[in-house]
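Chemist: This is the structure, below, for whatever I ask next.
The values are calculated or read from the model by the stated rules, or taken from the named source; none is laboratory data. Note that the coordinates shown come from a computational prediction; the quantities given were computed from them, not determined experimentally. Note that each Cβ is placed from the backbone with ideal geometry, even for glycine, and that neighbours are counted across all protein chains shown. Surface areas here come from the heavy atoms of the whole protein model, side chains and all, with no ligands, DNA or RNA. Shrake-Rupley method; radii C 1.70, N 1.55, O 1.52, S 1.80 Å.
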Amino acid sequence: MTAAETLFEGPDAERAGPVLEVDDLRVSFPSEDGRVQAVRGLSYRVAPGEVLGIVGESGSGKSVSSLAVMGLLPDSARVTGSIRFRGRELLGLSDGELSKIRGRRVSMVFQDPLSALTPVYTVGDQIAEALLTHGRGRVSRQQADRRAVELLDLVGIPNAAARAKAFPHEFSGGMRQRAVIAIAIANDPDLIIADEPTTALDVTVQAQVLEVLKTAQEVTGAGIVIITHDLGVVAGFADRLLVMYAGRAVETGDVHEVYRRPRMPYTLGLLGSIPRLDAAQKQPLVPIEGQPPSLTDLPPGCPFAPRCPMVVDACLTEEPPLFQVDGSVDATGDGTGHRAACIRSAEIAEREPDAAEVFGAEVIGEPEIAAVPRAEREVVLDVADLVKTFTVTKGSVFKRKVGAVHAVDGISFDIRAGETLGLVGESGCGKTTTLMEILGLEELMGGSISVLGKRAAELDKAGRKAIRRDMQVVFQDPQASLDPRMPIGDVLAEPMQVHGYPAADIAKRVPELLDLVGLRREHVGRYPAEFSGGQRQRIGIARALALNPRLIVLDEPVSALDVSIQAGVINLLDRLKAELGLSYLFVAHDLSVVRHIADRVAVMYLGKIVEIGDVDAVFGAPRHPYTQALLSAIPIPDPVKERQRERIILEGDLPSPANPPTGCRFHTRCFLYASLPEERRRICVETEPALEGSGDHSDACHFARSRAVVEPMADDHR
Amino acid sequence: MVTLTEDGATPGGSPVDTSVAAERSPSRSRLVLRRFLRRKPALIGLVVVVLLYAAAFLSPLFAPWDYAEPDYTAFLQPPGGTHWFGTTKIGEDVFAQVMRGLQKSLTIGLLVGLISTSLAAVVGAAAGYFGGWTDRVLMWLVDLLLVLPSFLVIAVASPAFKGQSWLIFVLLLAGFSWMITARIVRGMTLTLREREYVKAARFMGQAPFRIIAKHIVPNMASLLIIDATVTVGAAVLSETGLSFFGFGVQPPDVSLGTLIASGTESAITYPWLFYVPAGFLVVFVLSVNLFGDGLRDALDPSAAGSRKRDKKVKKGKTGKTGTGAQA
């Protein structure tokens, strides 16, 4: 870190005291139904060099509160309370005065790195701009340019001098986020606010970016506020945690304390609602029922009371303040101890209940068919050597072929009755293309797809339509997958109308479907916009179930949902599978969810399956280096474990599928390859490894050896 | 205990929790009708159009003058007496003429609006949805019609139409006013067909034209309805231009368009000659607009005030429903 030391002053003693003090911050916005109280009395402090994690669902006010600190809220917002940065009150400062602080002493990293960079300037120029704006007269253009290159180097962009001249679109998502971090630390800030900095990125890239943020924090000595909905991300990174609900802090304290001994039912539920990668056997997932309250006219009492399983009458009369949790030490006296806003936190402390116990969740049983050995079960979907290439053309009048993108390059798998296959991989690995090929049932470029023993390519139009009955789809975005102009009664009826069900049967089936997914029968006449995200996803699932299919293809069905809602939908899918004996093809990038729901898993890399097998075998003892890296990149919501884990950080980004590496496609990023002697490396570069293995676990690596990257969870965990 | 509902009926909980009376599963058409009937301005618009029709066709029964019968005792009389809206320079009764003109112009306007917009919707959506050769051929046709000067074509073809029914007008006017809309519709279809609900319909085996009818066109309803109402007004006026070529509405027969055209020159000196037919056109187009707005809001679930029930029962929930949906 010698280069870094010359770049930054580092933390110094003279700047002691909290960097940021927020006191009783209240933010409200006007709306048609009265003022939305987005933040209602939030107080926190950030010490120099401290990482504060703010966790909450969407709409909990976590982003609004940080935008208030930056002074970036729209004029219509009413902000009261106090925000002191290094003792100086920020509220009430003019935009011009704030601009002197913003970007120099307080900087921000946004969620979407693409829209955070201006497309028409080079990345180097944008970093230099941050330096020139705040160092006018003191920094020359050349100095700024040189510094920009140094900063890019610091955030781990290879060949920084050349890449500084590149435009944002030439960078991948992870590199863009690194560049944004470089801009954020350019002026050696005292405080960095990171608003969901990794949400838009792939897991492997997420691990890289978190590392960069850590480096940034070390070299600048800045305090960091990291806002996220992912309890895993903050577990390994934050020092203190603040859980927000309905515009208020409901629990705050040392990160170990909060994870180990949550004292507010909401925190307890949140921690119980995330599937864990390190769960040896199936853990019950805790669904938190209901939705966050509307912030326009909150009823008196605890805002979480309507969803809380531990609610008593006293909860409904007054909103509890943050109580000091018994046993925790408030050493500094400034409220940094472990505090929770629950009148029953003492009881929770006494009983130390399990989240599943409080919320009443249980493991959903296996379907009956699971007792039959796999080989004897019917093959529902069989994909053999599937190939899909997209041609790249050039020229506008006379199009000529200049290359081909091998999106899917010869993959094979099968799904048996009552089984869930998880298909995982980074974005761009061909997961979605595979799905679309299976669902499209069109002429294939190579290979074959059979559904229930019928080869799709050999079918006529009527036969294809018949197959569609048995194979249904649930999409990722529940907002986009329902026609906004159709009442849900019509949405559910549509597949049955297409397949010629009589009207009387349809009228009977629609309410049945709503019951099945836990919605009310009266809702038939409502439009999708009147439902919450989780409910809309249930409607999507109900539509898929309408025709009694055998196979449901799920394209990231829970990734667009909030954590607390996600658990409910996963439980629903689990239950439907057990009750109806369905088979799922489950595409996801969240390996924890896959571990929870899938029986078998296939890992894809650049259009190829690199490892496939039983989920416990693959996750417990991954053999392919890519699977190992992927698994090690998934954060585990356990601060102790997360800090002890050895993380395999993959270098660089996914190579372009238009020009894949020779031999083993993974060798350009492979840590195993890097450690091999020269003569063995040649095998990796020259020969493509075949997918082979023993039992139900195959991998495609010349030098595979299993390596446990996720330690199984101890039994005594909550 | 595993509970699968995530919407307990809770105070301040889900916006969809406001209880509703059990109702028979209403299909989209019935729901849209119910929402339309809830809108006062739209109903007023509909009633005015019906009244205009009634007046146009029933007024000869009670009006004191006939449109083709000049009153040689009263040239350029201002409104009053038996000439309710005054007379022209050759003594024709303005009221009778306007009513006679309305008979045609109402039908011309409405039919042209309807036909041209439907044509645009079908051609544009088909081109956008199917892509490939269908797209290329249809768009070639659209571009061709766009570059051809429509008046010239009509002028060349007019001898063939001479003496034909004025309904030919409707087809000609509609035939030359749909192309730009078709291009816009095609562009919107290109984005709509990539939506997941369209893909979902495709993967469940829905036929392409049914997808267009059920999912694509309803989602462009706002554009189409606005386009139709604008075309109604434009058609009434451009019919004047076509009359110039000597077919369709010929003197002594009149239409609202010809009345306005001939009244323009004396708008200052003898204002009733211009303002009376122009006023009727404004009333007509305005009520069509009101009707169109109501239909658009009835079709669009996110339109404000579409859930009257919620508004009355619990104020402060409607907006949250809308915004919550986007969150």
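Chemist: Within the range A:195-210, track down each residue that is among the polar types (S, T, N, Q) and in a helix (DSSP H, G or I).
Modeler: Correct list: A:204, A:206, A:208.
Chemist: Let me ask something additional. Take the conditions among the β-branched types (Val, Ile, Thr), open to solvent by 20 Å² or more (accessible area, probe 1.4 Å) and over 28 Å from residue A:245 (Cβ atoms) and apply them to residue A:123. Does it pass?
Modeler: In short, no.
Chemist: Quick one: which of A:540, A:534 is more than 7 Å from chain B (Cβ to nearest Cβ), buried (at least 24 other Cβ atoms within 10 Å of the Cβ) and in contact (Cβ under 8 Å) with a residue 60 or more places away in the chain?
Modeler: On the way: A:534 fails: more than 7 Å from chain B (Cβ to nearest Cβ).
The match here is A:540.
Chemist: Report yes if residue B:310 is modelled with pLDDT of 85 or more, buried (at least 21 other Cβ atoms within 10 Å of the Cβ) and within 14 Å of chain A (Cβ to nearest Cβ), otherwise no.
Modeler: No: the conditions fail for residue B:310.
Chemist: Name the residue that is farthest from residue B:211 (Cα to Cα), counting only residues in the range B:180-199 that are hydrophobic (A, V, I, L, M, F, W, C) and open to solvent by 50 Å² or more (accessible area, probe 1.4 Å). Spell out how you get there, then give the answer.
Modeler: So the first thing to find is which residues in the range B:180-199 are hydrophobic (A, V, I, L, M, F, W, C), and the list is B:180, B:182, B:184-185, B:188, B:190, B:192, B:198.
Retained after the next criterion (residues that are open to solvent by 50 Å² or more (accessible area, probe 1.4 Å)): B:180, B:184, B:188, B:190.
Working: B:180: 23, B:184: 19, B:188: 15, B:190: 13 Å.
Taking the candidates together, the pick is B:180.
Chemist: Can you tell me which residue in the range A:354-363 is most open to solvent (accessible area, probe 1.4 Å), limited to those that are within 11 Å of chain B (Cβ to nearest Cβ) and within 24 Å of the chain's Cα centre (by Cα)?
Modeler: That would be A:363.
Chemist: Going by the conditions given, is residue B:122 open to solvent by 10 Å² or more (accessible area, probe 1.4 Å) and hydrophobic (A, V, I, L, M, F, W, C)?
Modeler: yes
Chemist: Can you work out which of the residues in the range A:211-230 that are in a strand (DSSP E or B) and not hydrophobic (A, V, I, L, M, F, W, C) is nearest to residue A:274 (Cα to Cα)?
Modeler: A:228
Chemist: Out of the residues in the range A:566-586 that are more than 14 Å from chain B (Cβ to nearest Cβ) and touching a Leu at 6+ places or on another chain (Cβ under 7 Å), state the one that is surrounded by the fewest Cβ atoms within 10 Å (Cβ to Cβ).
Modeler: Applying the filter and picking the extreme gives A:582.
Chemist: I need the strands (runs of 3 or more DSSP E) fully contained in the range A:17-94, keeping only those with at least 3 residues that are within 14 Å of another protein chain (Cβ to nearest Cβ).
Modeler: Working: elements: A:20-29, A:36-46, A:51-55, A:78-85.
The qualifying strands (runs of 3 or more DSSP E) are A:36-46.
Chemist: Mind counting the residues in the range A:664-712 that are part of a loop (DSSP other than H, G, I, E, B), within 25 Å of residue A:644 (Cβ to Cβ) and open to solvent by less than 60 Å² (accessible area, probe 1.4 Å)?
Modeler: The qualifying residues number 4.
Chemist: Tell me which residues, restricted to the range A:196-222, are within 14 Å of residue A:151 (Cα to Cα) and open to solvent by less than 20 Å² (accessible area, probe 1.4 Å).
Modeler: A:212, A:213, A:216, A:219, A:220
Residue by residue, here is whether (1) surrounded by fewer than 20 Cβ atoms within 10 Å (Cβ to Cβ); (2) over 29 Å from residue A:559 (Cα atoms); (3) modelled with pLDDT under 90 holds:
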residue: A:29; (1), (2), (3): yes, no, yes
residue: A:41; (1), (2), (3): yes, yes, yes
residue: A:53; (1), (2), (3): no, no, no
residue: A:58; (1), (2), (3): yes, no, yes
residue: A:62; (1), (2), (3): no, no, yes
residue: A:73; (1), (2), (3): yes, no, yes
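Chemist: Within the range A:414-427, how many residues turn out to be buried (at least 19 other Cβ atoms within 10 Å of the Cβ) and either without any contact (Cβ under 8 Å) to a residue 40 or more places away in the chain or not β-branched (Val, Ile, Thr) (or both)?
Modeler: Total meeting the criteria: 9.
Chemist: In the range A:98-124, how many are at pLDDT below 90, part of a helix (DSSP H, G or I) and not basic (Lys, Arg)?
Modeler: Matching residues across the range A:98-124 total 7.
Chemist: For residue A:487, work out the one condition from (1) within 23 Å of residue B:218 (Cα to Cα); (2) surrounded by fewer than 22 Cβ atoms within 10 Å (Cβ to Cβ); (3) at the interface with another protein chain (Cβ under 7 Å from one of its Cβ atoms); (4) of a type outside the set (A, V, I, L, M, F, W, C) it doesn't fulfil.
Modeler: (2)
Residues checked against (1) of a type in the set (Gly, Ala, Ser); (2) touching a Pro at 6+ places or on another chain (Cβ under 9 Å); (3) open to solvent by 10 Å² or more (accessible area, probe 1.4 Å):
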{"position": "A:594", "(1), (2), (3)": "no, yes, no"}
{"position": "A:601", "(1), (2), (3)": "no, no, no"}
{"position": "A:611", "(1), (2), (3)": "no, yes, no"}
{"position": "A:622", "(1), (2), (3)": "no, no, no"}
{"position": "A:631", "(1), (2), (3)": "no, yes, no"}
{"position": "A:638", "(1), (2), (3)": "no, no, yes"}
{"position": "A:646", "(1), (2), (3)": "no, no, yes"}
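Chemist: So, of the residues in the range A:373-401 that are in contact (Cβ under 8 Å) with a residue 12 or more places away in the chain and of a type in the set (Val, Ile, Thr), which turns out to be farthest from residue A:421 (Cα to Cα)?
Modeler: So the residue we want is A:392.
Chemist: Test residue A:193 against the stated conditions and say whether it is more than 20 Å from residue A:119 (Cβ to Cβ) and open to solvent by less than 40 Å² (accessible area, probe 1.4 Å).
Modeler: Here the answer is yes, as residue A:193 does meet what is asked.
Chemist: Does the range B:148-158 contain at least one residue that is closer than 19 Å to residue B:278 by Cβ, open to solvent by less than 70 Å² (accessible area, probe 1.4 Å) and either at pLDDT below 90 or within 27 Å of the chain's Cα centre (by Cα) (or both)? Let's see the steps before the verdict.
Modeler: We begin by selecting, within the range B:148-158, every residue closer than 19 Å to residue B:278 by Cβ; these are none.
The answer is no; no qualifying residue exists.
Residues are listed down the side, and each one gets a yes or a no for (1) among the hydroxyl-bearing types (Ser, Thr, Tyr); (2) closer than 17 Å to residue A:66 by Cα; (3) over 21 Å from the mean Cα position of the chain (by Cα):
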| position | (1), (2), (3) |
| --- | --- |
| A:215 | yes, no, yes |
| A:227 | no, yes, no |
| A:248 | no, yes, yes |
| A:256 | no, no, yes |
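Chemist: Note down all Cβ pairs under 6 Å where the first residue falls in the range A:80-99 and is open to solvent by less than 60 Å² (accessible area, probe 1.4 Å), the second is part of a helix (DSSP H, G or I), and they're at least six residues apart or on different chains.
Modeler: Close Cβ pairs (under 6 Å, with a partner that is part of a helix (DSSP H, G or I)) amount to A:83/A:69.
Chemist: Sticking with this structure for a sec: Looking only at the range A:626-633, decide whether some residue is at pLDDT 85 or above and over 26 Å from residue A:209 (Cα atoms).
Modeler: Taking every residue of the range A:626-633 in turn, none turns out to be at pLDDT 85 or above and over 26 Å from residue A:209 (Cα atoms).
Chemist: Still on this structure: Need the failing condition index for residue A:479 against (1) open to solvent by 20 Å² or more (accessible area, probe 1.4 Å); (2) more than 9 Å from chain B (Cβ to nearest Cβ), just the number.
Modeler: Of everything listed in (1) open to solvent by 20 Å² or more (accessible area, probe 1.4 Å); (2) more than 9 Å from chain B (Cβ to nearest Cβ), residue A:479 misses just condition (2).
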